[in-house]
Amino acid sequence: LNKREEVIFLSNVGALEKYFPQALREFEKMLRHLEHPRIRELVLGDQAGLVYARKIHPLQGKFHAIRLLPPGIAFGSSDQIIFGNTLTIFSLKEEVFAVVMESPELVQTYRALFEWAWKQGKEVTFPR
């Protein structure tokens with residue numbers, strides 16, 4: 001990632017913890033060393049999402065924001081990541097798999113959906 005790229009995540013942290021916990025650990029390690037890429041995470045606002053947001057909060061730099069989706073939203077066991085013209089969708093079940101698509105058109109559509117959902121999300125802040 002370069003300094004100008006933004007990475008956006010739409011995540012079900014509970015499913016990540018259950019089916020792909022090493023991804024969360026690696027992401028936490030990465031956050032300790034990143035300084036510039038802008039990161040926005042939209043996380044399901046259930047108990048797992050709130051615990052995750054509280055855990056990640058001390059690692060957040062000024063370019064990293066997390067919002068929680070309302071907990072009543074029926075959110076599948078999946079995770080989406082968008083950066084540049086790449087959209088990656090993870091299916092999080094016993095057999096984890098991902099589909100990676102490089103498409104400006106698909107990224108534009110998913111970014112628009114993310115932006116709409118971002119506006120619905122609740123900003124989370126914790127004392128440092």
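List of remarks:
- Condition check for Val107: open to solvent by 40 Å² or more (accessible area, probe 1.4 Å), closer than 18 Å to Glu5 by Cβ and not in a loop (DSSP other than H, G, I, E, B): no
- The number of residues in segment 60-80 that are among the aliphatic types (A, V, I, L, M) and open to solvent by 30 Å² or more (accessible area, probe 1.4 Å) comes to 3.
- From Ile66, Ile73, residue being of a type in the set (Val, Ile, Thr) and touching a residue at least 40 places away in the same chain (Cβ under 8 Å): Ile66
- Residue in segment 29-49 that is open to solvent by 50 Å² or more (accessible area, probe 1.4 Å) and of a type in the set (Val, Ile, Thr) present: no
- Residue in segment 36-55 that is among the aliphatic types (A, V, I, L, M) and at pLDDT below 85 present: no
- Pairing residues of segment 93-115 that are free of Cβ contacts under 8 Å to residues at least 60 places away in the same chain and closer than 13 Å to Phe83 by Cα with residues that are outside any loop (DSSP other than H, G, I, E, B) and polar (S, T, N, Q), at Cβ distances under 8 Å and at least 6 apart in sequence or on separate chains, gives Val100/Thr86; Val100/Thr88; Met101/Thr86; Met101/Thr88; Glu102/Thr86; Val107/Thr86; Tyr110/Gln80.
- Restricting attention to segment 72-104, the residues being in a strand (DSSP E or B) and within 17 Å of Leu16 (Cβ to Cβ) number 12.
The values are calculated or read from the model by the stated rules, or taken from the named source; none is laboratory data. Because the structure is a prediction, the values reported are computed rather than measured. With ideal geometry, Cβ positions are generated from the backbone for all residues, glycine too; neighbour counts draw on all protein chains shown. For accessibility, only protein heavy atoms count, side chains too; no ligands or nucleic acids. Shrake-Rupley method; radii C 1.70, N 1.55, O 1.52, S 1.80 Å.
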